[in-house]
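Participant: This is the structure, below, for whatever I ask next.
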Amino acid sequence: MKLFLKGDRCYTDKCAVERRPYPAGQHGQARPKFSDFALQLREKQKVKRLYGVQEDQFRRYFREAEKSKGNTGASLLLKMEQRLDNTVYLLGLAASRNEARHLVKHSHFMVNGKKVNMPSFEIKKGDVIEVREKSRQMTKILGAIESIKRREIPKWLDASHADFKGTVKDNPTREDITFPIEEHMVVEYYSR
C-alpha cells in the first residue's frame, strides 16, 4: 500500500509502488494467505510507519488511548494525528512526515511563540504553529509550500502560507483521517 512516505516522489511516475506493486524477489508475485495475526501485525506496522514512530513510543500511545474514554482505536489515531511533526506536514510546511520531524528537531518551528524541538509535542485547539524568522528562506520549507497544491489541508487546520503559519481550529476527529486505517485490528493486536 502506498503510504506517501517519500513526499513529492509519491505523486509522480517514479513512485516505487507504482512501478512495481509487489514485493521484491523471486516469490514476490505469489499471493500468500495471511493469518489473522499477520493481518493485525501488518496494520500496526502500517500505522507506525505512516506516522514514523518507534515501537516503544507507539505502545505508550496505545496505553494512553486505552485509558481514555471512548473508542481505543480512534483515540490512538487522534493522538498520532495531534503530534507536532504530523501537523507541520499536514499544514504543508514540510514535504513528508519524516522531513517535518527533521525540521522540528532542528528548532525551525514555534508553537504559540515558543521554540519547540520535540516532534511528539501534542498540539491542542487554538495553537498557532509558525516557521521561525531565520528559517523562512529554507529551500525545503519553500519547496513544501509550493508542492502543497497536490494535497488538501484538513478542515481542522487553517494555513496561511504567506505568513508561514498555521492555526489549529479544532481537535481532529476520526472522520478527518482519510487514510485507510483499520484501527480495530491494531486494538486486537495489542489485546492478545
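Participant: Out of E81, E122, report the one residue that is of a type in the set (D, E), in contact (Cβ under 8 Å) with a residue 40 or more places away in the chain and surrounded by fewer than 13 Cβ atoms within 10 Å (Cβ to Cβ).
Facilitator: E122
Participant: Suppose the filter is touching a Lys or Arg at 6+ places or on another chain (Cβ under 6 Å) and among the aromatic types (F, W, Y); does F179 pass it?
Facilitator: It is false that F179 is touching a Lys or Arg at 6+ places or on another chain (Cβ under 6 Å) and among the aromatic types (F, W, Y).
Yes/no matrix, rows are residues, columns are (1) over 18 Å from the mean Cα position of the chain (by Cα); (2) polar (S, T, N, Q); (3) in a loop (DSSP other than H, G, I, E, B); (4) closer than 23 Å to R60 by Cβ:
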residue	(1), (2), (3), (4)
V104	no, no, no, yes
M110	yes, no, no, no
S120	no, yes, yes, yes
K124	no, no, yes, yes
K140	no, no, no, no
S147	no, yes, no, no
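Participant: I need the full set of residues from region 166-192 which are free of Cβ contacts under 8 Å to residues at least 12 places away in the same chain and either small (G, A, S) or surrounded by 17 or more Cβ atoms within 10 Å (Cβ to Cβ) (or both), in order please.
Facilitator: Correct list: S191 only.
Participant: Given region 29-98, what helices (runs of 4 or more DSSP H) lie entirely inside it while holding 3 or more residues that are of a type in the set (S, T, Y), more than 26 Å from W156 (Cα to Cα) and more than 12 Å from the chain's Cα centre (by Cα)?
Facilitator: The helices (runs of 4 or more DSSP H) meeting that bar number zero.
Participant: Could you say which residue among D163, D158 is over 30 Å from S35 (Cβ atoms), in a loop (DSSP other than H, G, I, E, B), open to solvent by 40 Å² or more (accessible area, probe 1.4 Å) and of a type in the set (D, E)?
Facilitator: Being over 30 Å from S35 (Cβ atoms), in a loop (DSSP other than H, G, I, E, B), open to solvent by 40 Å² or more (accessible area, probe 1.4 Å) and of a type in the set (D, E) holds for just one of D163, D158, which is D163.
Participant: Specify the residue that is surrounded by the fewest Cβ atoms within 10 Å (Cβ to Cβ); the eligible residues are those in region 84-119 that are charged (D, E, K, R) and in contact with a helix residue (DSSP H, G or I) (Cβ under 8 Å, 6 or more places away or on another chain).
Facilitator: E99
Participant: Can you tell which of E152, E130 is acidic (D, E) and touching a Gly at 6+ places or on another chain (Cβ under 9 Å)?
Facilitator: Working: E152 fails: touching a Gly at 6+ places or on another chain (Cβ under 9 Å).
Only one candidate qualifies: E130.
Participant: If you scan region 120-132, which residues turn out to be touching a helix residue (DSSP H, G or I) at 6+ places or on another chain (Cβ under 9 Å) and not small (G, A, S)?
Facilitator: F121, E122, I123, D127, I129, V131
The values are calculated or read from the model by the stated rules, or taken from the named source; none is laboratory data. This structure is a prediction, so every number in the text was calculated from the model and none was measured. As a convention, Cβ positions derive from the backbone with ideal geometry for all residues, glycine included, and neighbour counts pool all protein chains shown. Side chains included, ligands, DNA and RNA excluded: accessible areas come from the protein's heavy atoms. Shrake-Rupley method; radii C 1.70, N 1.55, O 1.52, S 1.80 Å.
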